[in-house]
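This report refers to the structure that appears directly beneath it.
All of the numbers you see were taken from the coordinates with simple rules; none came from a lab. This one's a predicted model, so the numbers in the text were calculated from it and none came from an experiment. A quick note on method: Cβ atoms are made from the backbone with ideal geometry, for glycine too, and the neighbour counts reach across all protein chains shown.
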Amino acid sequence: MCGIVGYVGHRDAMSVILPGLRRLEYRGYDSAGIATASDGCLDVRKKTGKIAALEMAVAGDPPRGTLGIGHTRWATHGRPSDANAHPHIDCLAGLAVVHNGIIENYRDLRKTMAAEQHRFRSQTDTEVIAHLIERHQADGLVSAVSRAARELEGAYAIACIAADAPNTLVALRRGSSPLVIGFGQGEMFVASDVPALLGCTREILVLEENEIAILTPEGLTLRSVDGVPVRRHPTTVRWDQEAAEKSGYPHFMLKEIFEQPEAVRNTMCERVDPQEGHVQIPELGLKDRDLAGLSRLCFVACGTSWHAALVGKYLVEAFARLPVDVDVASEFRYRRPVVDSRVLTVPISQSGETADTLAALREAKDHGSRTVAICNVVGSSLAREADGVVYTRAGIEIGVASTKAFTAQLIAVTLMALKLGLARNMMDTMFVRQTVKALCELPDLLSVVLDQSDAIRRVAARFADCDHALYLGRGLNFPLALEGALKLKEISYIHAEGYPAGEMKHGPIALVDSRMPVVAIAPRGETYHKMASNIEEIKARDGMVIAVATAGDEEIHAKADVVISVPATLEWLQPVLNAVPLQLLAYHAGVLRGCDVDQPRNLAKSVTVE
Ligand code: AGP
């Protein structure tokens with residue numbers, strides 16, 4: 001999730017772009033850059049680190065020109081560096097591009113253009129865009145961008161300027177990466193998000209899917225990528241700055257909950273092929289024969305990431321028949337773990353800076369274990385120290401409570417389990433093809449669950465004045481019970497415990513009474529009937545049961561007080577969908593109790609101390 005700002009008009013482009021980038025810094029801050037055009041030349045400046053580093057770098061000698069584009073980066077391909085920072089240019093430094101999103105076919109395009117003698121300067125997917133446009137530049141900038149777009153696969157938002165096209169800025173959008181156009185007097189603006197423009201204009205038009213915008217000081221020309229003219233008018237935005245950074249959501253946490261379809265889609269892209277049913281994770285850095293020779297896999301993680309690791313255990317053991325240990329990272333090194341070169345250690349971390357997880361990684365490496373991290377922050381300590389890293393591509397996660405990173409982690413451990421299963425010849429291709437197809441349907445199914453947010457807010461009202469809650473699940477949904485309880489605890493400060501439902505009669509049932517809500521995660525599947533019995537046992541003791549169940553399950557309605565329905569998918573993938581009602585229950589309960597849901601008391605987004 002990066003930030004783009006572009007300007008064309010009568011002002012010094014720098015005076016618009018840098019403040020705009022600062023307002024988009026919440027979208028990512030690995031590196032920043034700006035390109036301006038004047039007197040037939042481009043001036044490109046870019047710097048690793050936050051926008052302040054770029055501002056310092058240009059302070060004494062700012063780039064000139066009334067046409068420019070800027071970018072603040074959240075790295076997905078290529079670690080944070082000056083070379084990988086945007087804007088990216090073509091071979092002749094005649095045009096510059098900034099990009100948000102992922103180019104899924106960038107590797108093939110890069111090979112083709114390198115064979116055509118294009119010279120690449122970075123490891124990013126973005127740079128292929130600049131060379132593709134260069135290839136068609138004889139047709140003029142607008143046509144070149146349109147033609148390049150037809151060769152790109154993936155979801156992206158692009159802004160481009162050229163030294164030989166003064167006063168012209170071309171922007172293009174495909175898929176879920178946003179772009180908004182701002183209207184001024186004799187000047188036009190483009191940005192990834194409204195906050196960047198609030199200091200300049202409130203007349204905003206949202207670029208739609210497959211639309212190309214040509215901005216000049218005189219105004220906007222809008223057309224489809226196929227060249228069909230489009231006529232739409234700007235609207236006036238009333239948001240204040242803070243509301244705009246949350247895209248109109250009241251909290252970053254809710255915004256990030258609703259970003260899960262995109263986070264899941266991005267984490268899968270380039271890694272699954274629904275047509276062929278292929279799974280590929282080149283970043284694993286391990287050949288199939290290495291994977292086949294493993295004796296054990298060891299997940300290490302903390303908090304929500306540990307819950308994702310627990311789901312990973314079920315999947316890896318089921319798919320690959322490989323024994324799996326799961327350790328809370330802070331406990332790992334105290335148990336004198338039996339780890340050697342045949343053990344694959346997989347630390348999972350959203351931030352990549354959690355001290356306990358880093359310590360566990362180092363402990364495993366000291367014992368000769370191969371390590372592959374699952375991480376959401378490119379270039380983080382964990383990513384740098386592990387032998388390999390599989391990035392979740394959830395985008396920057398600002399809310400302290402991890403939501404979209406969690407479901408992205410579930411996708412990552414699922415892909416890893418499939419890859420291990422295939423490498424160890426434990427899976428038939430039909431099952432893999434079926435699973436890949438179901439994976440690709442998840443983003444749309446997540447949207448179906450998210451549509452229930454208002455209904456779930458009404459359910460959360462039943463928690464609002466409770467002091468305790470119990471979450472129950474079986475099999476893959478036991479880690480979900482733990483995650484649901486953690487979300488409720490950390491967001492609403494209600495004491496909540498997650499338990500394997502089969503353990504209820506071994507103690508927790510003593511807690512059940514009419515004041516204790518029990519969330520039972522009971523989708524159709526292998527453990528459904530046992531969950532149904534647990535629900536009856538709770539009801540027999542005046543407990544209040546909120547069931548997370550499969551859409552269309554009428555039976556559960558006769559048993560539970562409240563049912564939150566979730567679309568059906570393969571049992572192995574159901575946790576990705578079941579997580580969302582649990583996140584929304586916690587979020588709405590926290591809001592109803594007046595809690596600071598984005599920055600809960602006593603918590604930090606990254607626990608960098610042991
Ligand atoms: C999750 O909602 C919590 N904020 C916390 O448990 C978090 O998952 C844990 O601190 C691990 O963080 P990491 O994924 O960045 O390593």
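Quick notes on this one:
- Under the combined filter of DSSP loop state and at most 11 neighbouring Cβ atoms within 10 Å, the range 99-146 retains these trypsin sites (Lys or Arg not before Pro): ARG119.
- Share, in percent, of DSSP beta bridges within the chain that are antiparallel, nearest 5: 65 percent
- Cross-linked pairs LYS111/LYS246; LYS437/LYS489; LYS47/LYS489; LYS46/LYS605; LYS313/LYS487; LYS404/LYS505: Cα-Cα separations exceed 31 Å for LYS111/LYS246; LYS437/LYS489; LYS47/LYS489; LYS404/LYS505.
- Span from the the range 277-305 Cα centroid across to the the range 361-397 one, whole angstrom: 12 Å
- Under the convention that each Lys and Arg Cβ holds +1 and each Asp and Glu Cβ holds -1, the size of the dipole of the range 363-483 around its Cα centre is about 340 debye.
- Normalising by residue count, the range 144-303 has a Cα convex hull of 185 Å³ per residue.
- In loop segments of the range 181-289 as defined by DSSP, the trypsin sites (Lys or Arg not before Pro) with at most 11 further C-beta atoms inside 10 Å of their C-beta are ARG231, ARG238, LYS287.
- Note on the range 9-133: Cα-only Rg and Dmax are 14.2, 41 Å.
- Whole-angstrom gap from the range 527-548 to the range 130-174, using each part's C-alpha centre: 58 Å
- The string of couplings for the range 392-403 from the Karplus curve (6.51, -1.76, 1.60, θ = phi - 60°) is 7, 10, 7, x, 4, 10, 8, x, 4, 6, 7, 10 Hz, one whole number per residue in order, with x for Gly and Pro.
- Label-point separation, ASP164 to ALA318 (7 Å along Cα→Cβ), nm: 5.8 nm
- Spin-label model, MET426 to ALA243: label points 7 Å out along the Cα-to-beta-carbon direction sit 5.2 nm apart.
- Top positive-direction residue, dipole computed over the range 188-268 with Cβ charges, set VAL194, VAL230, LEU215: VAL230
- Mean ellipticity per residue at 222 nm, deg cm²/dmol - from DSSP H runs of n ≥ 4 across the chain, formula -39500 (n - 2.57): -10500 deg cm²/dmol
- About the centre of its Cα atoms, the chain shows a dipole size close to 600 debye [charges on the beta carbon of Lys, Arg (+1) and Asp, Glu (-1) only; nearest 20 debye].
- Applying 1/(1 + (r/R0)^6) with R0 = 30 Å to the Cβ-Cβ distance of ALA93 and ASP273 gives a FRET efficiency near 0.25.
- Estimated FRET transfer efficiency (SER341, ALA540; beta-carbon r; R0 45 Å; 0.05): 0.25
- FRET E, pair GLU554, GLN185, Förster distance 51 Å, beta-carbon r, rounded to 0.05: 0.25
- Per the Debye calculation on the chain with a single equal scatterer at every Cα and no solvent contribution, log₁₀ I(q)/I(0) for q = 0.06, 0.07, 0.08, 0.12 Å⁻¹ amounts to -0.33, -0.45, -0.58, -1.20.
- Approximating the spin labels as points 7 Å out from Cα along Cα→Cβ, the ALA355-to-GLU331 distance works out to 2.0 nm.
- Relative contact order, percent, the chain [alpha-carbon distance under 8 Å, six or more residues apart]: 11 percent
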